[in-house]
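Only one structure is covered here, and it is reproduced in the block below.
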Amino acid sequence: MAYTTVNPASGATIQTFPEWNAGELEMALRLAAIAAPRWVATDLAERCRLLRRAGEVLRARRDELAALITLEMGKLANEARAEVEKCALACDYYAEHTPAFVADEVIASDAGRSFVTYQPLGTVLAVMPWNFPLWQVFRFAAPALAAGNTGLLKHASNVPQCALAIERVFVDAGFPASVFRTLMIAAAQVEGVIADPRVHAVTLTGSEQAGRKVAAAAGAHLKKSVLELGGSDPFIVLEDADLELAVQVAVQSRFLNAGQSCIAAKRFIVVEAIADEFVARFKAAVEQLQPGDPAHDTTTLAPMARGDLRDELHKQVQVSLARGALRVCGCEPLSGDGYYYAASILDHVAPGMPAFDEELFGPVAAVIRVRDEQEALRLANASRFGLSGSVWTRDTARGERLARQVQAGACFVNGLVKSDPRLPFGGVKASGYGRELSYHGLREFVNVKAVWVG
């Protein structure tokens with residue numbers, strides 16, 4: 001399958017890029033192997049200087065890159081600009097903090113001197129998705145490159161221009177040739193790249209199915225892997241919540257990026273005492289969202305990225321309705337050009353429905369009504385996913401207590417779940433393993449080596 005840019009707002013094919021043949025892939029791997037020892041030998045201060053320069057290039061090209069994101073996967077223009085800015089922030093963060101993150105750690109032992117040193121693994125393959133086509137890549141690349149690893153990117157087939165633009169950012173920032181390289185290869189070729197001895201680790205952000213395949217391939221060759229997979233995040237609204245704030249963030253969290261985010265709130269678990277009021281307020285706010293051209297700043301609901309994704313979402317909605325969920329609003333594709341789906345709310349969702357059991361990767365919110373906080377916590381954890389979640393209550397001590405019990409890689413109290421370079425990011429259960437961001441993410445792809453000197 002060739003790499004193809006299809007505008008989600010119109011369905012029009014814009015440009016097609018051929019996949020590489022075996023010779024082109026071999027050349028890229030050969031050049032990466034040449035670049036790797038040179039890059040690790042590059043002074044850390046110089047690596048950080050180049051990374052900071054990449055942030056400057058990103059900011060200088062913000063509008064150009066944002067327009068490319070909107071063209072290829074349909075993100076709202078203001079959200080796309082924010083994504084580019086966030087990538088630049090990650091570059092700045094690791095340029096500033098990597099020296100401390102990789103500094104030798106002296107540890108007292110029976111040695112004359114003993115310490116832990118952090119050394120790069122080598123070349124890391126990144127298999128990345130389309131929904132945040134720049135941010136997903138930079139949150140891997142910034143710490144990996146700063147630590148001294150080289151990077152290979154296999155991006156999603158519907159964002160080829162974003163993939164090539166990322167490579168250009170690093171080249172134009174002054175990074176040596178092949179320190180970071182985009183591979184225009186088919187998904188079927190990924191296993192072979194993981195197996196190649198010139199590749200030392202792999203990270204994937206994507207579906208549970210893709211994660212299982214990558215994990216199996218990495219495990220077969222005893223190579224380090226990090227997986228950030230799907231999510232069905234609970235948004236727990238207790239009876240003492242600030243409903244105005246909760247509804248405001250509920251709309252933002254569920255409908256940002258047309259609902260196509262792993263850490264979007266998906267299951268709105270609401271205590272029965274305030275459920276009617278929450279749903280009424282939520283419906284009123286959701287119905288204000290305006291679909292339209294994502295390049296226009298007046299548009300507040302973007303199209304979905306592909307037609308097949310919209311079809312799958314609608315099937316999940318229809319099955320959930322057939323099994324007893326109630327339609328509050330939306331719940332159908334929008335007519336006309338492009339891959340638009342109405343901003344939707346399902347109420348009285350329960351286990352056994354796709355809206356509860358599966359990830360709804362689109363603009364559909366599922367409301368689950370519960371008696372009390374104990375039932376809310378039980379249903380929040382009654383999912384095979386465990387990426388993140390949030391708790392809404394005016395009692396922050398109560399919120400923190402519940403947040404500690406939510407089975408997820410992150411849980412926010414009275415706030416929008418988001419990734420932040422300062423905090424580790426990742427999941428448990430079927431949402432994957434390992435961490436990105438913070439020093440935890442940087443250290444996923446280093447050899448934590450103990451040195452003992454007698």
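Coordinate-derived values only; no laboratory data. Note that the structure is a prediction, hence the values are computed from the model and not measured. All Cβ positions, glycine included, derive from the backbone under ideal geometry; neighbour counts span all protein chains shown.
Points to keep in mind about this one:
- Table column - 3J(HN,Hα) (Hz), the stretch 293-301, Karplus curve with 6.51, -1.76, 1.60, x for Gly and Pro: 5, x, 6, 8, 5, 7, 6, 10, 9
- Measuring how big the chain is from its alpha-carbon positions, Rg and Dmax come out at 22.5, 75 Å.
- With the cut-off at under 13 Å, measuring from each backbone N in the stretch 206-230 to a point 7 Å along the Cα-to-Cβ line of residue 195 picks out 217-222.
- Cα-based helix-to-principal-axis angle, 135-146 vs the chain, degrees rounded to 10: 30 degrees
- Multiplying the residue separation of residue 222 and residue 337 by 0.36 nm and removing their Cα-Cα distance gives an extension gain of 36.7 nm.
- Filter on 224/266; 75/283; 224/315; 86/283 - keep pairs with C-alpha separation over 28 Å: 224/266; 224/315; 86/283
- Normalised by residue count, the stretch 160-312 yields a Cα convex hull volume of 185 Å³ per residue.
- Residues whose amide H falls under 5 Å from that of residue 151, counting only those 5 or more places apart or on a different chain, are 124, 180, 181, with hydrogens built in the peptide plane.
- Segment residue 114-residue 290, extension gain: residue separation times 0.36 nm, minus the distance between their alpha carbons: 57.3 nm
- Taken one residue at a time, the phi angles of the stretch 390-398 give Karplus couplings (6.51, -1.76, 1.60, θ = phi - 60°) of 8, 10, 10, 7, 6, 9, 5, 5, 4 Hz. Gly and Pro are set to x.
- Less than 5 angstrom separates the built amide H of residue 387 from those of 232, 409, 428, all sequence-distant by 5 or more or on a different chain.
- Take the Cα of residue 418, go 7 Å toward its beta carbon, and the backbone nitrogen atoms of the stretch 61-89 under 15 Å from that spot belong to 78-89.
- All Cα-Cα distances of the stretch 233-413, cut into 10 Å bins from zero to the largest, leave 10, 41, 36, 12, 1 percent in each bin in turn.
- Phi-based couplings in Hz for the stretch 321-330 (Karplus 6.51, -1.76, 1.60; Gly and Pro marked x): 5, 5, 9, x, 5, 10, 6, 9, 6, x
- Between the stretch 59-100 and the stretch 231-281, the alpha-carbon centres lie 27 Å apart.
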